[in-house]
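The values are calculated or read from the model by the stated rules, or taken from the named source; none is laboratory data. Everything numeric in this text was worked out from a predicted model, so none of it was measured. Cβ: placed from backbone, ideal geometry, glycine included. Neighbour counts: every protein chain shown. Keep in mind that these areas ignore ligands, DNA and RNA; they rest on the heavy atoms of the full protein, side chains included. Shrake-Rupley method; radii C 1.70, N 1.55, O 1.52, S 1.80 Å.
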Amino acid sequence: MDLPVGPSYVVGPGDSLSIDLWGGVSQRLPRTVDRERARGSAGSGASPGFRRTLGEAQEIVQRALRTQFRDVLRTFHCSDCGSVRVYVVGDVTSPGAYDVSSLSTPLNALFAAGGVTPQGSLRRLQHYRGKQLIEEVDAYDLLLHGIRGDLQRLENGDSLMIPPLGPVVTVEGMVRRPAVYELRNEKTLLDVLDLSGGILPAAALRHIEVQRW
């Protein structure tokens, strides 16, 4: 996954960190993180510990390097992020444990598990860390509007719960996307037409039929 990694990213086992030095010394120091330390090529003894953010790891490395190199500029980044094990459960096609990129969001985990079943909800994907609900994701933001949103990244041991399908409405006729839609906060006819992409130019608005079984 070619995504930028910010300072809040939690460094985990399998991540490859790259420390670039230039100036009085030109050198690249690769390190691979395990559960106890960052290990890799000979050189600096700096080793950001497990469960630190990238920003914290960078501070530790820079403090250590300042004692060994003078007049040297330093950059620090995650060159190859490792994987985390997450659990996808509920109304999903293939529930189970999955090893996904540590840059993954709940949507990536759902994709790895084959998506929801016909009885599964796409509007209330529940991301848990232990017993704590981290966020509730509405996949319609991406599927219908192309909005990925500011989703939380998955950490090792997180779980994604797919609850049962909620209330639904069927939209047919002269709309852009005739389909069955799951309702969340939609209450009006205008809300439902918005889910279906709006009406086509040839639609006859003088006759709209609503059936309730």
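Here are a few things to note about the model shown:
- Whether region 87-173 is rounded, prolate or oblate, judged on the alpha carbon gyration tensor where a/c under 1.5 counts as rounded: prolate
- Cα pair distances of region 133-204 binned at 5 Å [whole percent]: 3, 13, 21, 21, 16, 11, 7, 5, 2, 1, 0
- Percentage relative contact order, the chain, counting C-alpha pairs under 8 Å, at least six apart: 15
- Residues whose amide H comes within less than 5 Å of that of I134, counting only those at least five positions distant or on another chain, are H127, Y128, R129 (H built at 1.01 Å from N in the peptide plane).
- In this structure the chain gives 60 Å² per residue of accessible area when probed at 1.4 Å with all protein chains present.
- When only Cα pairs below 8 angstrom with a gap of at least 6 residues are kept, region 110-213 shows a relative contact order of 22 percent.
- Kirkwood Rh and Cα Rg combined as Rg over Rh, evaluated for region 54-213: 1.18
- Taking region 48-128 and dividing mean pair separation by its residue count, relative contact order in percent (alpha carbons under 8 Å, at least six apart): 21
- Atom-type composition of the exposed protein surface of the chain places 52 percent of the accessible area on carbon and sulfur (1.4 angstrom probe).
- With a Förster radius of 25 Å applied to the beta-carbon distance between L205 and Y140, the computed FRET efficiency rounds to 0.50.
- Rough spin-label spacing in nm, given labels placed 7 Å along Cα→Cβ, for T75 and D91: 4.8
- Pairwise label distance in nanometres, S18 with K131, each label 7 Å out on the Cα-Cβ vector: 4.4
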